[in-house]
Amino acid sequence: MNRGTYARAAWLVPMLFVVVSSRGEAPRALSPGQLPQDVRLGKLRTLDDYFPFTPVDSSQAWEKRAEQLRRQVKVATGVWPTPTRTPLEPVIHGKVDREDYTVEKVYFQSVPGHFVTGNLYRPKGKSGKLPAVLCPHGHWNNGRFVDLGADEVRRQIAQGAERFDPSGRYILQARCVQLARMGCVVFHYDMVGYADSVQLEHRPGVRESLNTKENWGFFSPQAELHLQSLMGLQTWNSVRALDFVLSLPDVDASRVAVTGASGGGTQTFILCAVDERPTLSAPVVMVSTAMQGGCTCENADYLRVGAGNIDIAALAAPKPMVIVGAHDWTQEILTKGYPDLKNLYKMLGHEDRVYATAFTHFEHNYNAVTRSVVYTFINKQFKLGGKEPVIERDFKPLTIAETDDFVAIATEEIALRKALGRDFVAREPAPGTMQVWPVHANSPTTRA
């Protein structure tokens, strides 16, 4: 373009401005009333929408899809790049001796200053390397300490959901006891904000004091923008729980299962999505094409873009997986979701490794009937040699005094605060770091 052309173009600019201004309208790219074709302007998806599986037509296509989705889940939960594995400093104490198993109290630090708490069940009379089972739990009242009560367990027994009183009152202990009796090392650990996990509330929402430019915490816009969430912390707790279990000298790393119900089901399939070390997954009353998880601990930004819980659970393929539904959002699992998983496993050459059933005459649960399905599947896949179907026996429940770690953890936390000079004021992490627990500005970051 020569100088004359530039001059003519410059002359046209004010004329165009005059024309636009005279009409009193701003310049438009589209006609009045017409919106761009942008998915962000469409209806927002909610956790109660329909989330069908995204099918693939070859094992190569699934490998590519799985790699992309696994990365997405890791990014969404804040564990990509992988946080630095700081020393767990585990404490195992307070052994309770039963006839054919033992139970011990456990706590360790998933990141410096944040404690993961739980109970370690071990079989007696076993030698060599043993299979291990991680048992996260869902939103049961009091979490690991749940007690259904005398009236409720009678109702459950009458329905055929439970078999024994009083042990049927303690449905989470029941799972751990039976798995230990089958020869497994079992770690039953707390969700954030439940039982002994008292450092953070489970779902406090945005807190005014932790929603400022200088001081911010979970649920604040700053935390969300940094992909730091309660779900991310729980996911990292599960990863470190797996680290802990695999550090035990009597555990066989080739036989590691994860099972939980409801929110524990979410923790199950999320852990198996971000960490490839579990060799069997058993998410109960959670995986479906319907409701995707009703708590902040089950949702994170970016997590379900173009995917749902069936897709995420499928990341465990072709490792063994058992899914159990109930009269809740999982009631259609046998016709919506499971056929897709069955086809995927068949395509990968392991159709016999996936199984699902649904007991739609029971409400949302992890009752004795459902537990028997999971026990039997684990027994078969891990070649434990038990008679099938595996049926529970009665047991003597642990008291809260025999299972809780509150006093021990409180003592250690006070000492840790003094040692690190913590004032527990949340702050924005330095670039390239991940801060999941409020710390003093001069204390070490938790992720390099």
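The values are calculated or read from the model by the stated rules, or taken from the named source; none is laboratory data. This structure is a prediction, so every number in the text was calculated from the model and none was measured. When we count neighbours, we look across all protein chains shown, and the Cβ atoms used for this are built from the backbone with ideal geometry, even at glycine.
Filtering the range 136-159 to residues that are surrounded by fewer than 24 Cβ atoms within 10 Å (Cβ to Cβ) and basic (Lys, Arg) leaves Arg154, Arg155.
Does Ser197 qualify as being within 15 Å of Cys297 (Cβ to Cβ) and among the small types (Gly, Ala, Ser)? When the stated conditions are applied, Ser197 passes them. Among the residues of the range 275-294, some residue qualifies, meaning at least one is under 22 Å from Val79 (Cα atoms) and at pLDDT below 95.
Return the only residue of Phe187, Phe145, Phe218 being at pLDDT 95 or above and among the aromatic types (Phe, Trp, Tyr).
Step by step, each of Phe187, Phe145, Phe218 is checked, and only Phe187 is at pLDDT 95 or above and among the aromatic types (Phe, Trp, Tyr).
Among the conditions (1) crowded, with 24+ Cβ neighbours inside 10 Å; (2) closer than 30 Å to Pro87 by Cα, the only one that Glu162 does not satisfy is (2). Of the residues that make up the range 238-260, is at least one basic (Lys, Arg) and either under 12 Å from Tyr189 (Cβ atoms) or at pLDDT below 95 (or both)? Yes, the range 238-260 contains a residue that is basic (Lys, Arg) and either under 12 Å from Tyr189 (Cβ atoms) or at pLDDT below 95 (or both).
For Phe164, are the conditions met, namely being among the hydrophobic types (A, V, I, L, M, F, W, C) and modelled with pLDDT of 90 or more? Give the steps one after another, and end with the answer.
Numbers: among the hydrophobic types (A, V, I, L, M, F, W, C): yes; modelled with pLDDT of 90 or more: yes.
It is true that Phe164 is among the hydrophobic types (A, V, I, L, M, F, W, C) and modelled with pLDDT of 90 or more.
Count of the range 251-280 residues, restricted to those that are closer than 20 Å to Arg144 by Cβ and assigned to a loop (DSSP other than H, G, I, E, B), is 1.
Looking only at residues that are buried (at least 24 other Cβ atoms within 10 Å of the Cβ) and either in contact (Cβ under 8 Å) with a residue 60 or more places away in the chain or of a type in the set (Ser, Thr, Tyr) (or both) in the range 325-337, which one is nearest to Glu363 (Cα to Cα)?
The residue in question is Thr330.
Apart from one condition, Leu315 fits all of (1) out of contact with any Phe, Trp or Tyr (no Cβ under 6 Å at 6 or more places or on another chain); (2) under 21 Å from Ala161 (Cα atoms); (3) not hydroxyl-bearing (Ser, Thr, Tyr); the exception is (2). Out of Asp340, Asp328, report the one residue that is modelled with pLDDT of 95 or more, acidic (Asp, Glu), assigned to a helix (DSSP H, G or I) and farther than 16 Å from Val274 by Cα. Result: Asp340 is the single residue among Asp340, Asp328 that is modelled with pLDDT of 95 or more, acidic (Asp, Glu), assigned to a helix (DSSP H, G or I) and farther than 16 Å from Val274 by Cα.
Given the criteria surrounded by 20 or more Cβ atoms within 10 Å (Cβ to Cβ), more than 18 Å from Ala358 (Cα to Cα) and modelled with pLDDT of 95 or more, does Tyr345 qualify? Yes, satisfied.
Just one of (1) within 20 Å of Arg163 (Cα to Cα); (2) outside any helix (DSSP H, G or I); (3) within 26 Å of the chain's Cα centre (by Cα) fails for Thr357. It is (1). The condition of being surrounded by 23 or more Cβ atoms within 10 Å (Cβ to Cβ), of a type in the set (A, V, I, L, M, F, W, C) and not in a strand (DSSP E or B) holds for only one of Val133, Val79, Val73, that being Val73. Within the range 261-277, the presence of a residue that is buried (at least 19 other Cβ atoms within 10 Å of the Cβ) and more than 15 Å from the chain's Cα centre (by Cα) is excluded. Does the range 169-185 include one or more residues that are surrounded by fewer than 23 Cβ atoms within 10 Å (Cβ to Cβ) and over 30 Å from Lys129 (Cα atoms)? Checking the range 169-185: at least one residue is surrounded by fewer than 23 Cβ atoms within 10 Å (Cβ to Cβ) and over 30 Å from Lys129 (Cα atoms).
Of all residues in the range 128-143, those that are of a type in the set (D, E, K, R) have Cβ atoms under 8 Å from Cβ atoms of residues that are assigned to a strand (DSSP E or B), 6 or more apart or on another chain, in Lys129/Val251; Lys129/Asp252. The residues of the range 82-99 that are surrounded by 14 or more Cβ atoms within 10 Å (Cβ to Cβ) and in a loop (DSSP other than H, G, I, E, B), listed by number, are Pro83, Thr86, Leu88, Pro90, Arg98. Within the range 354-390, the residues that satisfy the criterion of being aliphatic (A, V, I, L, M), in contact with a Ser or Thr (Cβ under 9 Å, 6 or more places away or on another chain) and either modelled with pLDDT under 95 or closer than 20 Å to Cys176 by Cβ (or both) are Val373, Val374, Ile378, Val390.
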